Each structure stands twice: as C-alpha cells, then as structure tokens.
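Below: one structure, written as structure tokens.
The values are calculated or read from the model by the stated rules, or taken from the named source; none is laboratory data. Note that the structure is predicted; figures quoted are calculated from it, not measured. Cβ: placed from backbone, ideal geometry, glycine included. Neighbour counts: every protein chain shown. Calculation scope for accessible area: heavy atoms of the full protein, side chains included, ligands and nucleic acids excluded. Shrake-Rupley method; radii C 1.70, N 1.55, O 1.52, S 1.80 Å.
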Amino acid sequence: MRTTSNPVFRNLPRQEGGGYANFGSGVAGAGQMGHQYGQQQYGEYPAGYGQPYQQAPATRSMTIDDVVTKTGITLGVLAVSAIIAYALTSMNTGLAPLFVIVGGLTGLVLVLIASFANKMDNPALVLGYAVAEGLFLGALSFMFTDISFGGVGGSGLIAQAVLGTFGVFAGMLVVYKTGAIRVTPRFTRMIIGATIGVVVLMLGNLVASFFMDGGFGLRDGGPIAIIFSLVCIAIAAFSFLLDFDAADQLIRAQAPEKAAWGVALGLTVTLVWLYIEILRLLTYFQSD
C-alpha cells in the first residue's frame, strides 16, 4: 500500500500485505486483525462469518457513494462556516485576526488528534474541523481581499479562487480516473519530499520575517513569491492523486463505512491548502 503526503491518510496504521487497520475506532484489516477487532467490539462472530473481512453483521463496507456524501457534508459545513465568518468580519473587522488565529489553531489541533489518535472516522471531529477551518478561511479570505488589511480584489477574487480550486480538483480526478498519471511508489516519494520541502521553506520564511522585512521573499508578492505559490499549487494538485489512490485502496480493502469520514477529512485538508495558495496567487496579480 502506497503512502500519501496527506497527514490524515499517512498516519492510518497499515497491516502487512496491504489495506488499513485500526481506522479510527474500527478496524478494516483482514485475517487475525479483523478477527481480533470483532472479538473486542462485538464478541465472537458466527462460525464461517467474515469473508474477506471479519466485520460485525451491521457494519457494511465503504463505497464511493459514502466518500462523496461525507465529503459533500464536510465541505458544506465548511462553506457555511466560512460565509458566516466572512459576513461577521465584514461588519466588524476586528474579528478577522481572532477568527484566523482561533480557527486555524483549532483546525490544526483537530487534524492532529484525528491523525495520531486514530479518530479519522469520528464525524464530530471531522465536522468540528470543518467549522473551525471555515472560520479561518472566511476571515483569511476577507483579510486577503479587503482594503482594510491591505488586500485587493474583494469578493470577486474569492469566487475566482473557489472556482479555481474545484477546477483543479475536478481536473486531477479526471487525471486519476483515466490513468494519465499513475500513482507509483516513486511518484509518491517525490510528492511527499516536495511537500516536506515547501513546509520547511514556509517555516524558514516565517522565522526569517521576524528578523528582516519580507523574510526570504516567499510571500511578498514578488517574482519569487509567485513562483513559490505556483509550486505549492502544483504540489497540492498532485497530492490529490495520492489522496484518491488512498481512498481507492480503502474501498478495495472493504474498510468500514465510517472510514469515509476520514477520506472526507483528508480531501478537505488538501482542498483548503490549494484554495489558500490560489487565492494568495490571485492577490499577487491584482497588486501588480
């Protein structure tokens, strides 16, 4: 089973021979792992039950419909939260920094809990992340595009960023389904390495900005900043292929239906990153 650059998918415990085990509060593993889970959660299964995975009779396997539904719900909650945050910050600009800090930190904490505490299939955590990230995105979008914070473009620029984000998402889904780019171990290593690289550069630029104006120039709107944003957008786009592959593998492994919440969380994390980078890039061009 290939890994992925998305922290939500990367930290799913994998069993030997492929497939996922211990997904959140449940187990999607086969053989002994599935049997052990059944004993812990439901008691012994009837003789002969559990082919190919030993699950509780009331637990069905995850399908693509589950992924679409859960992802749609998560994005819907995020969108409503973002709209509310944008409206509130429009009426009181002093709320914008508060929403960005509180929403961003809360979203980060919830993702870390979901990833490292194996709670990716917990709908409360996933929807809580959507609410927090909605507050963050709504306020951040306002700060990027409103003149009060030195932003440009207004709500029209936000609409362009949203369309661009879902356009890239749809395009990469077509690329994945047609097999135009295959998700191989080498490709996976390249995307993970590139993701780690840009994260290190972002952190380095942040630290450098404390000591010199603009840091390394990665976010000042200049040529280097434009190139860096384009690189981030490309990496986020290719990360969708890894996310799609991870979700596909979960479906083939007959993971429990609740696992779709984890897939929704993982895809939302990538969508949020892509949206921010596209919006940032658009503001650079508007400032010129």
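Brief remarks follow.
- Some residue of the stretch 246-269 being at negative phi, open to solvent by less than 10 Å² (accessible area, probe 1.4 Å), of a type in the set (Phe, Trp, Tyr) and touching a residue at least 60 places away in the same chain (Cβ under 8 Å): no
- Spans of helices (runs of 4 or more DSSP H) in the stretch 1-119 with at least 2 residues more than 25 Å from Ile158 (Cα to Cα) and modelled with pLDDT of 50 or more: 7-10, 64-91, 95-116
- Residue satisfying condition, being in a helix (DSSP H, G or I) and more than 25 Å from Asp66 (Cβ to Cβ), within set Arg186, Arg219: Arg186
- Hits in the stretch 246-284 - residues which are in contact with an Asp or Glu (Cβ under 7 Å, 6 or more places away or on another chain) and closer than 19 Å to Ile192 by Cα: Gly266, Leu267, Thr270, Val272
- Within the stretch 91-103, residues that are under 20 Å from Leu78 (Cα atoms) have Cβ atoms under 6 Å from residues that are polar (S, T, N, Q) and in a helix (DSSP H, G or I) in these pairs: Leu95/Thr89; Ala96/Thr89, counting only partners at least 6 apart in sequence or on another chain.
- Entry remark, the stretch 54-110: residues being of a type in the set (Lys, Arg) and over 16 Å from Leu265 (Cα atoms) number 1 in total.
- Within the stretch 168-177, being open to solvent by less than 40 Å² (accessible area, probe 1.4 Å) and among the small types (Gly, Ala, Ser) holds for one residue alone: Gly171.
- Filter pass, Gly128 being touching a helix residue (DSSP H, G or I) at 6+ places or on another chain (Cβ under 6 Å), assigned to a helix (DSSP H, G or I), surrounded by fewer than 20 Cβ atoms within 10 Å (Cβ to Cβ) and of a type in the set (Gly, Ala, Ser): yes
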